[in-house]
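Each value in this text was obtained by applying a stated rule to the coordinates, not by laboratory testing. Since this is a predicted model, take the numbers as computed values, not measurements. With ideal geometry, Cβ positions are generated from the backbone for all residues, glycine too; neighbour counts draw on all protein chains shown.
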Amino acid sequence: MNIENIDLDKIDLATLKKLADSASEKFQKRKQNELKDMVARWLSEAASVGYSSSDVMAELRGGRSAGGAKRGRAPRADKGATAAPKYRGPNGELWSGRGQAPKWMKPLLASGKKKEDFLISKA
């Protein structure tokens, strides 16, 4: 069929709308079928060289294994570990120095003291 021979200007608006909707629906169905066929071919080719469908899917997901674990850098060895206290407050409060300054330290810093004044000596 030669689409250039169809004069769309001569078709009334309602019929043109039906035609457009029908064409769009057909296009989507064919596109979906093409995708299914393509995936089936890929999986068949992968199986012929020893890869499973989960291997293919893991690669498509960006290198995650079938269990969902991400390849790449290992987590820090000290993740979740409690750090040793580095600062001691006037009433014996302790702070590791990680994260935001504790409530007991904020007014002391505002009054002119320095963080270093509260360092625990390593002697």
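When the chain is fully extended, how far beyond the present Cα-Cα distance does A23 get from S96, taking 0.36 nm per residue of separation?
Going from the current span to full extension adds 19.6 nm.
Between N2 and M38, the FRET efficiency estimated from the beta carbon spacing at R0 = 30 angstrom works out to 0.60. Close amide H pairs (under 5 Å, H built 1.01 Å from N) link E93 with no residue at least 5 positions away or on another chain. Could you tell me the relative contact order of the chain? Use alpha-carbon pairs under 8 Å, at least six residues apart, and round to a whole percent. It comes to 11 percent, rounded to a whole number.
Based on other C-beta atoms within 10 Å, arrange L35, L94 from fewest to most.
If I rank by nearby Cβ atoms, fewest first, I get L35, L94.
The mean sequence distance of close C-alpha pairs (under 8 Å, at least 6 residues apart), as a share of the length of region 75-123, puts its relative contact order at 35 percent. The angle between the Cα long axis of helix 13-48 and the longest principal axis of the Cα atoms of the chain comes to about 60 degrees, rounded to the nearest 10. When the listed pairs K10/K31; K86/K113; K79/K113; K86/K115 are checked against a 21 Å cut-off, the alpha-carbon distance exceeds it for K10/K31; K79/K113. Each of V49, N33, S22 was scored by the projection of its Cα onto the charge dipole of region 10-56, and the greatest displacement toward the positive side belongs to S22; charges sit on the C-beta of Lys, Arg, Asp and Glu.
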